[in-house]
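The values are calculated or read from the model by the stated rules, or taken from the named source; none is laboratory data. As the structure is a prediction and not an experimental result, all values here were calculated from the model. Cβ placement follows ideal geometry from the backbone for every residue including glycine, while neighbour counts extend to all protein chains displayed. All accessible areas refer to the heavy atoms of the entire protein, side chains included, with ligands and DNA or RNA removed. Shrake-Rupley method; radii C 1.70, N 1.55, O 1.52, S 1.80 Å.
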Amino acid sequence: MKIVFARAATESLGLEYLSSSLKASGHQTALVYEPLLFDSFRLRLPFLEPESAGGTARRILALKPGLVGFSAESDHFQWALSVARELKRLSRAPVIFGGIHPSTAPEAVISRPEVDLVCVSDGESAVTELAGRLEKGLSLDGLYNIWFKKDGETVKGPVRLETRPDSLPFPDKDLFYGEYRGFVLDTYSIVTGRGCPNACTYCHNSSMRRTLSRLGCHDKFLRRRSVGNVLKELAAAKKKYGFRRVSFCDDLFISDRAWLKEFAGSYPAEIGLPFFCNIHPAGADGEAVGLLKAAGCTAVNMGIQTVSEAIRRGCLGRSESTEDSVKALRLLDKAGIFAYTNFIFGLPGQDNAELKAVAAFASENPAGFHDVNWLRYYPGAAILESARKSGLVSEEGAKAVEQGDFSVPYGHGGHSYTPERAKLRNLVFLSSALPGAVSRYLLSKDLWKLLPSFSLRLPAIAARGLLARLRGNPNPYPNFSLAGSLAYFLNYIFRVYVPRENARQAVVFKHIFVRARGALFLAGLLDLRRAARYAVYSFKRRLLGLKVPGVAVFAATFDCQCRCGACSSETFRKTFGKLVMEKEKALARLQELAGLGVPRIHFTGGESTLAPYLPELVAFCARAGMTVFVESNGVNITEELARRLREAGLASLNISLDSAAPACHDEGRKKPGCQEAALKALSIAEKLGLPCMASCYATREGAASGALSELFEAAFAAGAGAVRMLPPVPSGAWSGRYEELSLSPSDRLAVLNAAYAAPGPVLDRTALVDCELPSAYKIMVLPDGSLAPCEHLPYIFKGSERTGVAELIASVYNKKTFGETVKCWPRNAAWRAVHPEAAGGKTVYLPGAGK
């Protein structure tokens, strides 16, 4: 089986371990990576980040996966969901979520419709077994760590941990090396174990411990690889890749003193590369720092979080003292090890005085770089539960964390950002580069308030790295070096973002081309009388502000030979049956519309040609200067009828065409031979010189499959002068599938590409525009002479069969009846949520004139 992993913004050791385990069992793996340069922990300017979910989903599907896996932290959980949502709309490939967010909020994640399976905690054995069963079509029952959906219920596999880390295959570094070589060449990331001996209330380790306990897993949480196993991985990887630096990503590297001694005695001779690791103030005594120095450590990260003893113990669950941190910083400085510290702003109980104390600490205790992050609540964390109970976080806010709806990284605001705190945070950043006396002066005189509130973290940390290099430490970096970070950024700018911008510019050109070609076709339908009528209409409506409909939809009957599952007319058909409007009544209504100055009319239904006097109605409208369209399924179109319509002054015959495949078209319309009739109707119109269009719906399925191009080819080959592309309408069989069928930006791009490549003009109407129903842009005439606001809405104005068109418009076409203007009422999700009756399958009567 082929498993395709999707990942955003960073390398994932978790995916690399999964990949190696899967490959060891004979499966194939691949990676689709999205850099998110402008919306990640490194840099957050989301307005510069183009939409990527649709493109990412298509890149995944191009690899033909049997299973798609996402490793998702909370910060990128929404991105992962958006890609998974596209996948579910485009394919049936199963989707599994794993990683820290799904593992600590499995109930919330598995409830998502985009997610089929969740891997809770370690996945090497679990996902490998899952892939094997999926490949063989076996039941998933009894799988450890795998939750899945079955018959509408969630099946929760028991949870266990990988307790023998030395037995696992080394991570598959080729997975990310193939995406960008710098992931491995600049710094080799590795873990020597899993878990952490501490239980800090804000940390993912705390969340994971609590979740495992809740789910009945009591395996040993802290598991450490042997020194020999770690060095074996590094030696093999060093020989293969030739990297220059190592980053040990363990949450706490120095927790086991005996292990550290063995490591320090072997690493320099066997590997001998500078490295970075994470340490804790309580364990960073003289011996530990000496061992790190002897082993070749050049940079560490040490969490301090707060200088308040009460907050540290009572809120964060940490037992070390502030003095422990001071001593550790002095030892690290003496050893020449570049130290990154971490503080948290916005902790419960943390007032401005304590935040200033953090800034004072930074000015008095030099470090490589004093970093500050915002408090960010994560699913399952003890600090979230205590904040919820104390009222610091609302129930809605806590639920948003569990659901992954909050996605601001802790480096860029988290849950605790304020502009004033941001300025003080910048002072802490600058204190790493400024003389202590200067920082203390800025703090004492409140001059820090003159600093900007936008983050100075990037320039400050870059400056400190350069300064450290000038002072003799060539490797003061946690993972990417400064040059490596720049290379990574430039690589993806030129490899991904520039091509996307070029593609965007190409899209602009394609839009212009498609619109121009469509406009020329429509212009060709106008004669002097029609053009003059449009000019008068525009003057009345746009300059004088008169309520003149721009289009009238005329249904003389709702009878039809077809029974299209997605037909908007089915609801009206239940009310009117096979009723055909009397000719005299029809002409009277048309006289009213002509007198109002309506410039365009569409004869529809049902099937418009089942009204035997249709050519007479067309002739009446044409004599009035109206641009007339007839909508038809093509079944009744003969040469004789087409000739009569042409002679009557029809502007365009619009023939419905759903698919280039006859079986698909006929099945959708429940009418054998319907597609053949539609193509024949287009051919007849072309033969007689009658302008004609194929009228089609663009769905997500059609956009994804390439069926649109085939549809265009078939339409133009049959004789269509143009193709009109419409977005799906939430009616009939589509009423429950609208979100599934509706078009995403990437789908609309697929429509555009197909339209651009089409042999003739395509009128792309898939972009929803503001519908001006409150000002009477549209009106519909029904078979009994009554009036309705739109063919896609099941509404009829009560008593309107006895009311004049002008009277009704003056009386009921306003914001009181329709509310504010939105982008197409029936296709607007918010409007449909407030008006469930619109999808109820029954006509609804609105108050008529004078009601």
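In the range 190-218, the residues that are closer than 24 Å to PHE275 by Cα form Cβ pairs under 6 Å with partners that are surrounded by 20 or more Cβ atoms within 10 Å (Cβ to Cβ) and of a type in the set (Lys, Arg), at six or more places apart or across chains, as follows: THR192/ARG225; GLY193/ARG225.
Residues that are over 45 Å from the mean Cα position of the chain (by Cα) and of a type in the set (S, T, N, Q) occur at least once in the range 637-647.
Selection of the range 684-707 for residues being in contact with a strand residue (DSSP E or B) (Cβ under 8 Å, 6 or more places away or on another chain), open to solvent by less than 10 Å² (accessible area, probe 1.4 Å) and assigned to a helix (DSSP H, G or I) yields only ALA685. Of everything in the range 643-674 that is open to solvent by less than 10 Å² (accessible area, probe 1.4 Å) and not in a loop (DSSP other than H, G, I, E, B), the residue that is farthest from ALA714 (Cα to Cα) is LEU645. Of all residue pairs spaced 6 or more apart or on separate chains, those with beta-carbon atoms under 6 Å, a first member in the range 364-378 that is closer than 16 Å to ALA463 by Cβ and a second member that is β-branched (Val, Ile, Thr) and modelled with pLDDT under 95 are PHE369/ILE461.
Restricting attention to strands (runs of 3 or more DSSP E) lying wholly within the range 131-245, give those where 2 or more residues are surrounded by fewer than 19 Cβ atoms within 10 Å (Cβ to Cβ). Outline the logic, then answer.
On the way: elements: 146-150, 153-156, 188-190.
Hits in the range 131-245: 146-150, 153-156.
Note on the range 402-420: residues that are open to solvent by less than 60 Å² (accessible area, probe 1.4 Å) and either in a loop (DSSP other than H, G, I, E, B) or over 22 Å from ASN205 (Cα atoms) (or both) total 11.
A residue that is small (Gly, Ala, Ser), buried (at least 24 other Cβ atoms within 10 Å of the Cβ) and closer than 30 Å to ARG89 by Cα occurs nowhere in the range 602-621. Residues in the range 196-214 that are out of contact with any helix residue (DSSP H, G or I) (no Cβ under 8 Å at 6 or more places or on another chain) and of a type in the set (A, V, I, L, M): LEU212 alone.
If you check VAL115, VAL68, VAL127, which single one turns out to be part of a helix (DSSP H, G or I) and of a type in the set (Val, Ile, Thr)? Before you say what the answer is, go through the steps one by one.
On the way: VAL115 fails: part of a helix (DSSP H, G or I); VAL68 fails: part of a helix (DSSP H, G or I).
The unique qualifying residue is VAL127.
Given the criteria over 21 Å from ARG495 (Cβ atoms) and either charged (D, E, K, R) or surrounded by 18 or more Cβ atoms within 10 Å (Cβ to Cβ) (or both), does PHE77 qualify?
Details: over 21 Å from ARG495 (Cβ atoms): yes; either charged (D, E, K, R) or surrounded by 18 or more Cβ atoms within 10 Å (Cβ to Cβ) (or both): yes.
Spelling it out, PHE77 is indeed over 21 Å from ARG495 (Cβ atoms) and either charged (D, E, K, R) or surrounded by 18 or more Cβ atoms within 10 Å (Cβ to Cβ) (or both).
Screening TYR267 against (1) open to solvent by less than 20 Å² (accessible area, probe 1.4 Å); (2) under 22 Å from VAL289 (Cβ atoms); (3) out of contact with any Leu (no Cβ under 8 Å at 6 or more places or on another chain) leaves a single unmet condition, (3). Filtering the range 297-320 to residues that are part of a loop (DSSP other than H, G, I, E, B), without any contact (Cβ under 8 Å) to a residue 60 or more places away in the chain and in contact with a Pro (Cβ under 8 Å, 6 or more places away or on another chain) leaves only GLU320. Taking (1) farther than 30 Å from TRP259 by Cα; (2) at pLDDT 95 or above in turn, VAL191 satisfies each apart from (1). Considering only residues in the range 763-819 that are under 23 Å from VAL729 (Cβ atoms) and among the basic types (Lys, Arg), the one that is surrounded by the most Cβ atoms within 10 Å (Cβ to Cβ) turns out to be LYS778.
For the range 392-401, does any single residue satisfy the condition of being more than 30 Å from GLU107 (Cβ to Cβ), open to solvent by less than 20 Å² (accessible area, probe 1.4 Å) and in contact with a helix residue (DSSP H, G or I) (Cβ under 8 Å, 6 or more places away or on another chain)? No, every residue in the range 392-401 fails to be more than 30 Å from GLU107 (Cβ to Cβ), open to solvent by less than 20 Å² (accessible area, probe 1.4 Å) and in contact with a helix residue (DSSP H, G or I) (Cβ under 8 Å, 6 or more places away or on another chain).
Residues that are over 39 Å from the mean Cα position of the chain (by Cα) and either at positive phi or basic (Lys, Arg) (or both) within the range 670-728 comprise GLY673, LYS680, LYS687, GLY689, GLY719, listed in sequence order.
Residues in the range 22-44 that are assigned to a loop (DSSP other than H, G, I, E, B) and open to solvent by 60 Å² or more (accessible area, probe 1.4 Å): SER25, GLY26, PHE41, ARG42. Just one of the listed residues (VAL514, VAL618, VAL536, VAL508) is assigned to a helix (DSSP H, G or I), free of Cβ contacts under 8 Å to residues at least 12 places away in the same chain and among the β-branched types (Val, Ile, Thr), namely VAL508. For the range 8-21, name all the residues that are in contact with a Gly (Cβ under 9 Å, 6 or more places away or on another chain) and either open to solvent by 10 Å² or more (accessible area, probe 1.4 Å) or of a type outside the set (A, V, I, L, M, F, W, C) (or both). Scanning the range 8-21 gives SER12, GLY14, TYR17, LEU18, SER21. Among the residues of the range 456-499, those identified as open to solvent by less than 20 Å² (accessible area, probe 1.4 Å) and farther than 24 Å from LEU332 by Cβ are TYR488, TYR492. Give me a count of the residues in the range 622-642 that are among the aliphatic types (A, V, I, L, M), open to solvent by 10 Å² or more (accessible area, probe 1.4 Å) and under 22 Å from TYR534 (Cα atoms). So the count comes out to 2. Considering only residues in the range 538-579 that are aliphatic (A, V, I, L, M) and farther than 16 Å from VAL618 by Cβ, the one that is nearest to the chain's Cα centre (by Cα) turns out to be ALA566. Could you look through the range 96-112, keep only residues that are within 15 Å of THR211 (Cα to Cα) and in a loop (DSSP other than H, G, I, E, B), and pick out the one that is least open to solvent (accessible area, probe 1.4 Å)? Per the stated criteria, the residue is ALA105.
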